[in-house]
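Laboratory data are not the source of any read-out in this text; all were calculated from the coordinates shown. Every value quoted in this text rests on a predicted model; they were computed, and no experiment measured them. Note that we place each Cβ from the backbone using ideal geometry, even for glycine, and neighbour counts take in every protein chain shown.
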Amino acid sequence: MTRLLQNLRYGLRVLRKNAGFTAVAVMTLALGIGATTAIYSVLYATFLAPMPYPNPEQLVIVWSKINGERNGVSAGDFLDWKRQSTAFQELNAWNDGTFNLAGAERPEHVPGQMTTPGWYRMQGIHFFLGRDFVPEEGETGKDRVVILTRHLWEKLGSNQNIIGQQLRINSEPYTVVGVLSSGLADRLPVDLSVPLAFRPEQINHNFRWLLVMGRLKPGWTIERANAQIQTVSPAIMRETLPPSYRADTAKGYLANKLNVTSGATGVSQLRQQYDFVWAYNVPSLNVPLSTVGRLVFTTGKLNIFGMRKEDASSAHAVMFRSFLQSQPVGMETGGGN
């Protein structure tokens, strides 16, 4: 202990005699620690932080796993899973898109999504006005209804009597049945939702264009759900094997698996785009001082520049782009892409 105190006193005397060096060293440490903290804060918000769902541990994403890679889900697969799996309280599909909304002055393109009825109820998202889609609105011919976010509702004039009124979307009349409450719904990258009603020609097992989220039953874990859903996978693949497939193609098709992952952090384009970060051993990342030079402030944005996955030459290459300073990262969910 005496030796430690002697060393500390000696170190302080040296630093006091070299004030310039001391200032540079302290500033270097401060910048390095600050930059490291900022990087890890972004990583946590982007990849790890749970969204504020009720019982978020019950929410899962269900994927097709083809040749070892996650893939989207076909309408046929989704309907088969929903019918055969016993692991879920609810299972819903969605797909994002852009809609042409006729406004008072001119039409505008609005980000939106198509969802199966019960999508918002499953996530625990509340309504400011109206309700979620009901099951019959998931049928073709009964699907001309729309749910608005609070943001779009305010943009359209904050009409308290908007429920039951019509909007022209993609040149078709849609009846407003709900307006989402502020809060969790504000984090969605969409302004409106319409029902996802499958037409007969869309119900196949080849075109994987959907994302699927489910809520597990109480007592079910992701591991148990994975085991259960992979048990039904072979039967689904055998039943849906296209007769025109050659032997080698059929073998690969039958090897496809279904996969369940946590949905507590939502589904984010940013998360998917930079999912490779974890493959490059981010937990052992050491952020050099040169990283500070990559923090470039522009109008309303903080850009952390670096290489994309396909250009990465270092196991510790970490990069993000277009991180909005005014909006938390990793906010896209559910309807996210």
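In vacuum, with every alpha carbon of region 93-201 counted as one equal point scatterer, what does the Debye formula give for log10 I(q)/I(0) at q = 0.18 Å⁻¹? Two decimals, please.
Result of the Debye calculation: -0.84.
So what's the net charge close to E136: Lys and Arg +1, Asp and Glu -1, counting the other residues with Cβ under 10 Å from its Cβ?
-2
Any chance you could run the full-extension gain for Y245 through A38? It's 0.36 nm times the residue separation minus the Cα-Cα distance, nm to one decimal.
Length gained, Y245 through A38: 69.4 nm.
Over region 93-201, what is the percentage of antiparallel beta bridges among all DSSP beta bridges, to the nearest 5?
The antiparallel fraction comes to roughly 70 percent.
Counting C-alpha atoms alone, how compact is region 187-264: give Rg to one decimal and Dmax as a whole number, in angstrom.
According to the Cα coordinates of region 187-264, Rg and Dmax are 16.0, 46 Å.
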